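The values are calculated or read from the model by the stated rules, or taken from the named source; none is laboratory data. Nothing here was measured: the structure is a model prediction, and the numbers come from that model. Neighbour counts run over all protein chains shown; Cβ positions are idealised from the backbone, glycine included. For accessibility, only protein heavy atoms count, side chains too; no ligands or nucleic acids. Shrake-Rupley method; radii C 1.70, N 1.55, O 1.52, S 1.80 Å.
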Amino acid sequence: MMTSNSPTKSKLVWKGKGKATEPPQDYDDLNPVITYRHLLSNNLGVRDPLRVIALCDSDAFYAACEMNRLGVDPETPLVVLQWDSLIAVNYPARKYGISRMDKKKEALKRCPHLKVVHVATYKEGEPEPGYWDDVDTNTHKVSLDYYRRESLKIAAMFKEQLPGCELEKASIDEAFIDFTKPVREIMLQRYPHLAQVPPEGADTPLPPPPPIMWEGLGNLIPVNPSPTVDQKPGDGQPVAHESAESAQNGIEPEQKQVEVTENKEHQSTDPRGKDVEEPPHTWHDVALSIAAELMGKAREEVRVKLGYSTSAGIARNKFLAKLTASYKKLNNQSILRNSAIPKYLRPMQFQKIRFLGGKLGDALAKEYDVSTVGDLLTISLDEMQDKFGESSLWIYEVLRGIDRTEVKDKGSTLNKSMLASKNLPKPITKASEGQHWIRVLAAELALRLNDARKISPNLWPKTLVLHARKGYEAGRSKQSPFPFHREVTVDVIAAAGDKLWKELVGNSSNLKVSSVQLAFTGIDVAEGGQRSIEGFLKPISSTKKRPRDSAAITDVQDEEELPQPARLSASDVDNLNDESPHVPSASYTCVRCGKAFQVTGANQSSSIDEQMSRLKMEHDDFHFAQDLADESTPRSVITVTEKKTEKKPSSSNKKRKTAAGPSGIEKFFRK
DNA sequence: TCGCCCCGT
DNA sequence: GGACGGGGCGA
């Protein structure tokens, strides 16, 4: 495999004082020579030495949602309750030492005037979730829908504010953003001389970069942190790392962009008075600074227009961006230069790294009896591979600041699954109770699906899954294909759910069921009709055909090669638009206003796609602007490339299991 | 596909 | 811990 992304072997990393603290081979990926070819090519993907990724997350998101909804003063200490537990604590409340693990009582004790908001719930009899005074876990079920909508709004605004960026929603309150493309454009704009390849050729290194004004762009993670502890496994965080739960202190006044840690080009002084050599900055630093500029503007826009404060981290790849984002929270962003990576990473608890927070990280810690990234640097790839198999390369590289996983636009902000779940405070025993909860969950799914269909009609959840946990056993699940229905009603879902229930728990009246989950999975736009969201880009003739599962679809026959809308019943197709499959053109009709677009290019289809994509985005922006005031409008996105993806750590790996032993695994019991 | 498992917020 | 969401793997 190739691990080097620099065409020429990069020079050795700078070294502080010539101390041989760093095995040179460990972080020598971090300062690649950047050439004109690098700058001018557009398809370097994850190997792009100018890659810039951000992770942006909302601060105390659920709490912020409720504050906006209720229009309370930003300084109001507020917590969001789910039954008796706090699921979100805003920053003013954290000043009182309230943490997420507190109960309502404790929280109120710490802060008597605390605003306590219970999440919306579905109440028996009520068709829609709401905020009630008398929440009761025995009869209600939580609805997180409001937060989902708000989340979509934020994502939509980022997309609008950051044209050319890829955005991957990573959770309800987080998104990765790939700034590489727009940043490159801006670089060429600002430094036009870079566009001229010198006579020596495209592989000539770029000239020295201009000075960078970091002021106002965010917190620079120091290249030479000034820790009191140099290297102590266990507590060696390079800097105060605010954990989400850490209750105390540390509240930044809004808007205070914290000091930039260093600005001097080549020299700084650490607290102990030693001069520490600093690396010169690079074109990648320039790229980071531009991304920080863009990120900062977009975040500010979200804060002002939507009322959500966010924190972002900007770095060369996803996992570092994620780490960097938590460097300083609450309306802040931080920047991790490549040159700061080694010292930042080495003392880091590796279990803080994304995907190493679970069993894999545990297994690593146990296997080598260590806790920091630095501790693991001595393990050779070969050695790791024996015990951790395929995950090893990913781990090995991550420890060295390398992560080639892509930021992928998930095609749209539409989810691929929809889950409604309920933990029963007192396990149920009667079949009728099961039916009752299935109906409640089905009602929610119906509501949410039909809601999503307002934005993308023809959404089709291909399977329905019922999950139940009996007594102390592990949960079990049953699933079945879910036929396409133009109208998805509670009854249809509940009926299917009941069938699954019978298969899963049977009629035995005495088994205690303590949790029930009903989920749609495989949600996608049913082919053949109007392609309203991501479907519109695919040339209709190249749509993949589904395997023989068409039994699921009522009264449809399967025409083999015809790129026809054959998947839906006649009544389903009723109000769908026609498409002309055979011309090299793309057409699209906006489901919301009916406006039709057509691109008939003499160009290649890819360029048609691009044109269409542009049109679509512009049009979306139009709707977005209109909608912003009240309703959420998830916007469609174009998936451009399809590259082979890097191997991410996979959890099931025989060798790893062997290594981990029975010890770590028995958490989710059942042998 | 199905059922299970693991990752995350 | 609860209510989600994403993904991978063996059969």
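May I ask you to list the residues in region A:422-439 that are in contact with an Asp or Glu (Cβ under 8 Å, 6 or more places away or on another chain) and within 12 Å of DNA strand C (Cβ to nearest atom)?
none
Out of the residues in region A:77-94 that are at pLDDT 95 or above and in a loop (DSSP other than H, G, I, E, B), state the one that is surrounded by the fewest Cβ atoms within 10 Å (Cβ to Cβ).
If we take residues in region A:77-94 being at pLDDT 95 or above and in a loop (DSSP other than H, G, I, E, B), then A:PRO77 is surrounded by the fewest Cβ atoms within 10 Å (Cβ to Cβ).
Could you please tell me which pairs satisfy a Cβ distance under 8 Å, a separation of 6+ or placement on different chains, a first residue in region A:95-119 that is within 14 Å of A:TRP83 (Cβ to Cβ) and within 14 Å of DNA strand C (Cβ to nearest atom), and a second residue that is open to solvent by less than 20 Å² (accessible area, probe 1.4 Å) and small (Gly, Ala, Ser)?
Pairs found: A:ARG100/A:ALA88; A:ALA107/A:ALA93; A:VAL119/A:SER143.
Only residues that are crowded, with 20+ Cβ neighbours inside 10 Å and either under 13 Å from the mean Cα position of the chain (by Cα) or modelled with pLDDT of 90 or more (or both): list them for region A:389-404, please.
Scanning region A:389-404 gives A:SER392, A:LEU393, A:TRP394, A:ILE395, A:TYR396, A:VAL398, A:LEU399, A:ARG400, A:GLY401, A:ILE402, A:ASP403, A:ARG404.
Of the residues A:SER334, A:SER421, A:SER417, which single one is among the hydroxyl-bearing types (Ser, Thr, Tyr), open to solvent by less than 40 Å² (accessible area, probe 1.4 Å) and touching a residue at least 40 places away in the same chain (Cβ under 8 Å)? Working first, answer last.
Details: A:SER421 fails: open to solvent by less than 40 Å² (accessible area, probe 1.4 Å); A:SER417 fails: open to solvent by less than 40 Å² (accessible area, probe 1.4 Å).
Just one listed residue meets the conditions, A:SER334.
I'm checking my understanding of the structure. Among residues of region A:351-365 that are without any contact (Cβ under 8 Å) to a residue 40 or more places away in the chain and open to solvent by less than 10 Å² (accessible area, probe 1.4 Å), which one is nearest to DNA strand B (Cβ to nearest atom)?
That would be A:GLY361.
Of all residues being touching a strand residue (DSSP E or B) at 6+ places or on another chain (Cβ under 8 Å), over 20 Å from A:VAL72 (Cα atoms) and open to solvent by 20 Å² or more (accessible area, probe 1.4 Å) in region A:95-116, which is modelled with the lowest pLDDT? Just the residue, please.
Per the criteria, the residue is A:MET101.
Inside region A:484-503, can you point out the residues that are surrounded by fewer than 19 Cβ atoms within 10 Å (Cβ to Cβ) and more than 14 Å from A:VAL440 (Cβ to Cβ)?
Passing the criteria: A:HIS485, A:ARG486, A:GLU487, A:THR489, A:VAL492, A:ALA495, A:LYS499, A:LYS502, A:GLU503.
Can A:LEU381 be described as more than 16 Å from DNA strand C (Cβ to nearest atom) and under 30 Å from A:PRO280 (Cα atoms)? Break it down stepwise before answering.
On the way: more than 16 Å from DNA strand C (Cβ to nearest atom): yes; under 30 Å from A:PRO280 (Cα atoms): no.
Taking the combined requirement at face value, the residue does not satisfy it.
Please state which one of A:PRO198, A:PRO225 is farther than 30 Å from A:ASN331 by Cα and in a loop (DSSP other than H, G, I, E, B).
Every option except A:PRO198 fails the conditions.
I need the helices (runs of 4 or more DSSP H) fully contained in region A:375-484, keeping only those with at least 3 residues that are within 16 Å of DNA strand B (Cβ to nearest atom). Write out each step before concluding.
Values: elements: A:381-388, A:391-399, A:431-455.
In region A:375-484, A:381-388, A:391-399 are the helices (runs of 4 or more DSSP H) which contain 3 or more residues that are within 16 Å of DNA strand B (Cβ to nearest atom).
Of these, A:ASP203, A:ASP173, which one is open to solvent by 20 Å² or more (accessible area, probe 1.4 Å) and either in contact with a Leu (Cβ under 6 Å, 6 or more places away or on another chain) or more than 16 Å from DNA strand B (Cβ to nearest atom) (or both)?
Testing whether each residue is open to solvent by 20 Å² or more (accessible area, probe 1.4 Å) and either in contact with a Leu (Cβ under 6 Å, 6 or more places away or on another chain) or more than 16 Å from DNA strand B (Cβ to nearest atom) (or both) leaves just A:ASP203.
Working carefully through the options A:LYS470, A:LYS426, A:LYS416, A:LYS454, find the one that is charged (D, E, K, R) and in contact with a helix residue (DSSP H, G or I) (Cβ under 8 Å, 6 or more places away or on another chain). Quick ask: steps written out before the conclusion?
Details: A:LYS426 fails: in contact with a helix residue (DSSP H, G or I) (Cβ under 8 Å, 6 or more places away or on another chain); A:LYS416 fails: in contact with a helix residue (DSSP H, G or I) (Cβ under 8 Å, 6 or more places away or on another chain); A:LYS454 fails: in contact with a helix residue (DSSP H, G or I) (Cβ under 8 Å, 6 or more places away or on another chain).
When all the criteria are applied, what remains is A:LYS470.
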